[in-house]
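Okay, structure first, notes after.
The values are calculated or read from the model by the stated rules, or taken from the named source; none is laboratory data. Small disclaimer: the values here were computed from a predicted structure and weren't measured. Reconstructed Cβ throughout: ideal geometry from the backbone, glycine too, with neighbour counts over all protein chains shown. Just the protein is used for accessible areas: all its heavy atoms, side chains included, with ligands, DNA and RNA removed. Shrake-Rupley method; radii C 1.70, N 1.55, O 1.52, S 1.80 Å.
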Amino acid sequence: MIRMRGRLVVLQVLVVSLLALLAVRLWQVQVVRGDEFVVAATETRTRDVVVPAVRGQILDAAGRPLVRNRTRLVVSVDRTSLNRMEGNGRGVLQRLATVLDRRPADLRERIRACGPGVPRPCWPGSPYQPIPIDDNVTTREALQILERQEEFPGVTAEVQAVREYPGSSAGAQALGYLQPITQAEMDRRAGSKAVFSGVDLVGRDGLESVYDSALRGVPGIRRMQVDRLGKVIGVERQVPPTPGDTLITSIDAKVQAVTEKALAEAMKSAPTADGAAAVVLDARTSRVIALASAPTYNPAIWTGGISEVAYQRLLSGKTGKPLVSRAIKGEFAPGSTFKVSSVAAMLKDGYPLNGQYDCPGSFMVGSRPFNNFRGIGLGTLTLHTALVKSCDTIFYKAAYEQWLRDGGLKPKAKTKEPMANMARAFGFGSPTGVDLPGESAGRIPDRHWKKDLWSATKADNCKRAKTGYPDVARSDPSRAAFLKQLAYENCLEGYQWRPGDAANFSIGQGDVLVTPLQLAAAYAALVGDGRLRSPRLGWALVRPDGTMVKEIKTPVVRRLPISAKERAYIKGALSEVASDGTAAGAFVGFPMDKVKIGGKTGTAEVYGKADTSWFASFAPTDKPRFVVVVMVSQGGMGAQTAAPAARKIYEGIYGFTPTGGKAPAALPAHRPASEPPMIKRDGTVAR
C-alpha cells in the first residue's frame, strides 16, 4: 500500500512537471516569439514576386531604335521548388514538356547550372531565381499551365520584355548582349547602391554593360495571396517597378548599315582576308557615328539562352571570333597611316617644315639596307610630297639619325626618343577611354619596353637557342632555323634597341600596334582643333517621359604637341592622297569637286600572312566633319582593299553612286547630328 502511494506521488509530480513545461512552452510561443510565428504563418499563404523593370532602349542619333523591347509570353521554372519535389520534379517537367512540345531532356538541360564541363544550354544565373525555359510560348500553352497550377507547381507563365535588334547584326559588338545575373554577382554587389533582384538580366558587353545600371531600372515587388495549392487568390501589396533610362547614342543607324555593308564587301574582295574593322567619327567632337567589326553576328542569339554550338562559334578562330570587336580590341601594325605621327616627331625634333629630303630606293640603316616600296627612288621631296607619295626611306633616315643622337647601342643616360614620345602624344600605346569594355591599349615600343621584354623572355630564348623549334622544323625547317637564330640573338642582346627597330617604328611596322579606334581618334585631333578626345558612343540618358538625366561629354585627353601651322601642313599633304597620291586609283570617278577626301593609305607586313590593309581618312578636306578609318586584316595593299571600302562609306554618307551620280544619302544634311533627339512625354521621338 505504501509502495502504491509512492508510485502515485511520483506520477503526480511527473504530470505536474509536464503541465508546467507545457505552460512555459505555450507562454514562449504565444508571448516571447509570438510575432515571429505570426510572420511565419503569414508567409505560408503569401508569395513575394519580383517584377522586373522594363529595360531602357538604346537609340541612334536620330532617335531610331538600335535595341528595343518587345513583349513575349515566357515560361519559367523555379529549380529550387522542383528539387523539393519527389524525383526532383521529373513529373512536372514531363507534363510541361508535353504542353510545350519539347523533350523533357531539353528542359532539364536548360535548368541545370552552368559550370566547368557543363555544355550549353545551361543556366548561368542565380539558382534562386526563376529560370526561363521558353520565351516564345503561345497564349494557349500559357493558359494550360496557369489554369492547372496544381499540376505545374514551381512553373510560371507571364508576359515579359525581351531584347530586339532592328538592325540585326549591325553594331553587334558595340551594342553588347544580356545574360542572367549570377548568385556570385548578387553576393558581390550586395553592399552597393545598385538594386539587383534574382530575375535581373545584366549587360555582358558593349553599351549594355557600360550603361547597365541606368538601362536596368529598379525592379518592383508584388505580394500575392495563395491557397495551399499555390493558386493566386489575390494581391496583397504591389510596388511598381521603375523603368530603365533610354540611352541615346551618337551612332547613326543608316551610316552604320552603310559601314557594315562596305566591310562585308571588302572581306569578299580579298580572298585571304580574315577580319576587318571600320570607325566613323565626328571630326569635331570624336563622337562615334559608326563602329563595325567583321565578321559579326546577331546578338538576338543570346535571347532565351544560347546553345553550346552557337556559343563556341562566337569564340572560334575558324569563324573569325565574331564576338570580338576588332575596332577597339584588335591590335595591328598601322603601316604608313602612322607616318603622320612620325612627321610630327621630325618637326618637333627640328627638321625643317619646308625642307628638301632625299627619297632613294634604299637606305642603309646601320649595316642593313631598308628599301622603299618596290625599291623605287622618288628623288628629292618635301615632307608634303613624302606623305602624298608615301616615301619610306625619308623616315628610315630620320629615325636612324634620332637613334644615333640618343647614343645608338650605348644609349645616353637620358634619351629623347622623339618618335615614341610623339606617338604617345597622339594617343597610341594607351586606351582611348571609349565607353566600351575591353579596349586594347596597343603598343608603342621603345628602349625601356625592349629591356622589359628581354627580361621576361630571356630564359625561354636562351633555352630555344639550344633546343631550337623541333615542332616547327617538322613542317617548316627554314622557319625553324630562323627562329632558332633569332632566339640566340635575343638571348644575348635582346635588350638592345637596334637601328632596325627604330627604322621600322618610323613607318608603323615592327613591334608597333594600334587599334582602328586609336587611329581614328588621332586623325580627328590632327585634322580638327588639335585636341585629342576620348571617343564616346553614349550621348545622353533620358527617362521614358523624355526628362534629361545626363548628357555624356567627350572629354579632352590632351593637345597634340605641334603647332596649328604644322597640323595644317600635314593635313594639306593628306588632302592630296585620294586625288593625286597612293589612294588615287581607289577614288577614280569620285566627285572630288563636291566633296574632297583626304587620308593616308597603309600596307603593313605581317610575317607568314598577307599584308594588313589600312586607309585613314577625313572629309571634306577644307572643314572636316567626318573621320573614316578602315582596316582589313590580310587584305593586301591599303589602296587595294581598305581605301575602296572607305570610298563606299563616303558614298553612302553623301548620297553618291560609284559613277558620281546621286543616291539617297545616309545623312541628307551631310554632317553629323549636332545634338541628341528630343524624347516627348509619351516616349516617342520629336521629329
Of the criteria (1) open to solvent by less than 50 Å² (accessible area, probe 1.4 Å); (2) in a loop (DSSP other than H, G, I, E, B), which one K553 fails: (1)
The listed residue being under 21 Å from the mean Cα position of the chain (by Cα), open to solvent by 50 Å² or more (accessible area, probe 1.4 Å) and touching a residue at least 12 places away in the same chain (Cβ under 8 Å), out of K329, K348: K329
Members of region 559-595 that are closer than 18 Å to V629 by Cα, within 32 Å of the chain's Cα centre (by Cα) and charged (D, E, K, R): K571
Residue count for region 116-145, restricted to those that are loosely packed, with under 15 Cβ neighbours inside 10 Å and over 14 Å from V77 (Cβ atoms): 9
Selection count where residues are in a loop (DSSP other than H, G, I, E, B) and open to solvent by less than 40 Å² (accessible area, probe 1.4 Å), scope region 369-418: 9
Answer residue from region 63-106, given it is of a type in the set (G, A, S) and in contact (Cβ under 8 Å) with a residue 12 or more places away in the chain and is surrounded by the most Cβ atoms within 10 Å (Cβ to Cβ) among those: G89
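For (1) in a helix (DSSP H, G or I); (2) among the basic types (K, R), each residue gets a yes or a no:
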| position | (1), (2) |
| --- | --- |
| K600 | no, yes |
| G608 | no, no |
| F615 | no, no |
| Q640 | yes, no |
| A673 | no, no |
| R681 | no, yes |
Number of the exception - S579 against (1) without any contact (Cβ under 8 Å) to a residue 24 or more places away in the chain; (2) out of contact with any Gly (no Cβ under 8 Å at 6 or more places or on another chain); (3) farther than 27 Å from V632 by Cα: (3)
Members of region 334-367 found to be closer than 11 Å to I570 by Cβ and either part of a helix (DSSP H, G or I) or of a type in the set (D, E) (or both), listed by number: K339, V340, S341, S342, V343, A344, M346, L347
V627 within 14 Å of A278 (Cβ to Cβ) and outside any loop (DSSP other than H, G, I, E, B): yes
The lone exception for I233 - which of (1) free of Cβ contacts under 8 Å to residues at least 12 places away in the same chain; (2) not in a strand (DSSP E or B) it fails: (2)
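Looking at region 351-365 only, could you name the residues that are touching a residue at least 12 places away in the same chain (Cβ under 8 Å), of a type outside the set (V, I, T) and more than 21 Å from Y523 (Cα to Cα)?
If the condition is that a residue be touching a residue at least 12 places away in the same chain (Cβ under 8 Å), of a type outside the set (V, I, T) and more than 21 Å from Y523 (Cα to Cα), then Y351, N354, G355, Q356, Y357, D358, C359, P360, G361, S362, F363 are the ones that fit.
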